[in-house]
Amino acid sequence: MEEVVIKKVDEQGRIVIPKEWRTRFNTDEFIMVLKDDKIEIYPKVSNLSKLIDSVEVDELTDDWHELKRKIYRL
């Protein structure tokens, strides 16, 4: 289900994430990714065990940072 809200930037340059969304992800930390002409926001997952079996891995990579980024994109 997709939900869309329009938010204005306040005088201090902030955008508020709705409380219902923050509660849903049970976190107060989010990852922001600038991609071309858009900004993507992901909840920061502190318990990576929630992500077990969420990504297909053919072989392990030497670039763990890239693997971490792929997991956060899920």
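Based on what the data block shows, is E66 modelled with pLDDT under 85, in a loop (DSSP other than H, G, I, E, B) and not aliphatic (A, V, I, L, M)? Judged against the criteria, E66 is not a match. Here is the figure for region 15-28: residues that are assigned to a loop (DSSP other than H, G, I, E, B) and surrounded by 10 or more Cβ atoms within 10 Å (Cβ to Cβ) total 6. Assuming Q12 fulfils every condition listed in (1) free of Cβ contacts under 8 Å to residues at least 12 places away in the same chain; (2) out of contact with any helix residue (DSSP H, G or I) (no Cβ under 7 Å at 6 or more places or on another chain); (3) within 21 Å of Y72 (Cβ to Cβ); (4) not in a helix (DSSP H, G or I) apart from one, which condition is it? It is condition (3) that Q12 fails.
The values are calculated or read from the model by the stated rules, or taken from the named source; none is laboratory data. A quick note: this is a predicted structure, and the numbers were derived from the prediction, not measured. Positions of Cβ are backbone-derived with ideal geometry, glycine not excepted, and every protein chain shown enters the neighbour counts.
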